[in-house]
Amino acid sequence: MYRVMIIDDEQSARKLMRGSIPWESLDMEVVGEAASGIEAINVIDDMKPDIAFVDISMPFMNGIEFTEVATQRYPKLIIIIMTALDQFEYARKCVSLPVFEYMLKPMVRSEITAVLEKVKRRLDAQKGEAEDADARPAEEIEVGTIEQIQKFIETNYTDSKINLASVAEQFGFSASYLSRKFKQETGKNFVEYLTECRMEKAMRLAEAGKKMFIASADVGIPDPNYFGRCFKKYAGCSYSEYVAEHSK
């Protein structure tokens with residue numbers, strides 16, 4: 001099945017799209033959501049979408065900025081921009097971006113389905129091409145390489161641009177190959193390990209009484225809302241609760 005990601009800061013819009021489209025009949029599945037471009041960039045390596053519906057108006061990183069970053073890393077990613085009428089002409093002016101379609105919100109189910117049928121025809125035609133042609137065979141991976149990658153993450157996790165694709169390129173592997181090997185050798189996926197490094201540092205910053213927006217930026221997550229969700233999931237309580245209980 002082709003993998004779909006929905007990126008929109010309105011939870012109701014994401015929920016409506018997830019529930020109203022006959023994804024399975026299109027040989028598609030919704031594999032993930034994000035409430036901002038920054039959040040999407042942080043999780044896209046794990047989601048590995050073939051198609052992304054992207055709202056043009058989002059905090060911290062809007063849909064156009066997300067498209068610029070995401071398509072540089074994943075040139076085959078199919079982007080469908082969702083925009084309100086008052087921003088439609090602005091969106092259409094971004095003609096240099098590799099956007100598959102621009103759709104007006106609120107979107108109509110039949111129009112979404114028609115666009116997805118076009119997308120499916122393109123993906124079907126591309127299927128089988130570029131199957132990790134640049135991946136090194138498993139037997140060529142050097143002993144200790146994953147440990148080197150872990151140390152690289154531990155040193156560079158404060159960089160908000162670090163992700164699976166950039167690290168894979170740094171060490172000469174394809175992203176999908178590194179993802180498999182990293183999970184196989186560490187028992188954690190790449191994003192889990194990166195988030196763990198960031199949250200361990202965030203806990204130390206909380207203990208020092210740092211404000212959440214400062215801690216968020218210091219650990220490489222410039223979106224405070226996404227940082228807050230990550231922290232609560234990792235620490236079991238909100239950042240402010242952790243500060244109140246542990247700060248010196």
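Relative to the first principal axis of the alpha-carbon coordinates of the chain, what is the inclination of helix 11-20, with its axis defined by its Cα atoms, in degrees from 0 to 90 and to the nearest 10? Its long axis makes an angle of about 50 degrees.
In percent, rounded to a whole number, the relative contact order of segment 2-126 is 24, using alpha-carbon pairs under 8 Å and six or more apart. For the chain, the residue among Ile38, Gln72, Ser247 whose Cα projects farthest onto the positive side of the dipole built from Cβ charges is Ser247. As a ratio to 2.2 N^0.38 Å, the alpha-carbon radius of gyration computed for the chain takes the value 1.08. Seen against the Cα atoms of the chain and their longest principal axis, helix 145-156 is set at about 80 degrees. With the Kirkwood sum run over all distinct C-alpha pairs, segment 156-248 has a hydrodynamic radius of 13.9 Å.
Place a point 7 Å from Cα of Lys151 in the direction of its Cβ. Which residues in segment 180-207 have their backbone N less than 12 Å from it? Flagged as within label range: none. Angle of helix 224-235 to the longest C-alpha principal axis of the chain, folded into 0 to 90 degrees and rounded to 10: 60°.
State the volume of the convex hull built on the alpha-carbon positions of segment 2-126, expressed per residue in Å³ and rounded to an integer. Please report the intermediate quantities before stating the final value.
Numbers: hull volume 12.1 nm³, N = 125.
Hull volume normalised by residue count: 97 Å³.
Taking the Cα centre of the chain as origin and assigning +1 to Lys and Arg Cβ atoms and -1 to Asp and Glu Cβ atoms, the resulting dipole is close to 400 debye. The calculated FRET efficiency for the pair Ala84 and Lys188, based on their C-beta separation and a Förster distance of 51 Å, comes to about 0.80.
What does the charge count around Ala13 come to, taking other residues whose C-beta lies under 11 Å from its C-beta (Lys +1, Arg +1, Asp -1, Glu -1)? Spell out each step's value before the answer.
Values: positive: Arg14, Lys15, Arg18, Lys105; negative: Asp8, Asp9, Glu10, Glu33, Asp55.
In short, -1.
Placing a label point 7 Å from the Cα of Ser240 along the Cα-to-Cβ direction, the residues of segment 181-219 whose backbone N falls under 19 Å of that point are 203, 205-217. Per-residue packing, averaged as other Cβ atoms within 10 Å, sorts the ranges 163-171, 218-226 into the order 218-226, 163-171, beginning with the highest.
Bear in mind these aren't lab numbers, they're just calculated from the coordinates by the rules spelled out. Computed from a predicted structure; not experimentally measured. Please note: Cβ atoms are built from the backbone with ideal geometry, for glycine as well, and neighbour counts cover all protein chains shown.
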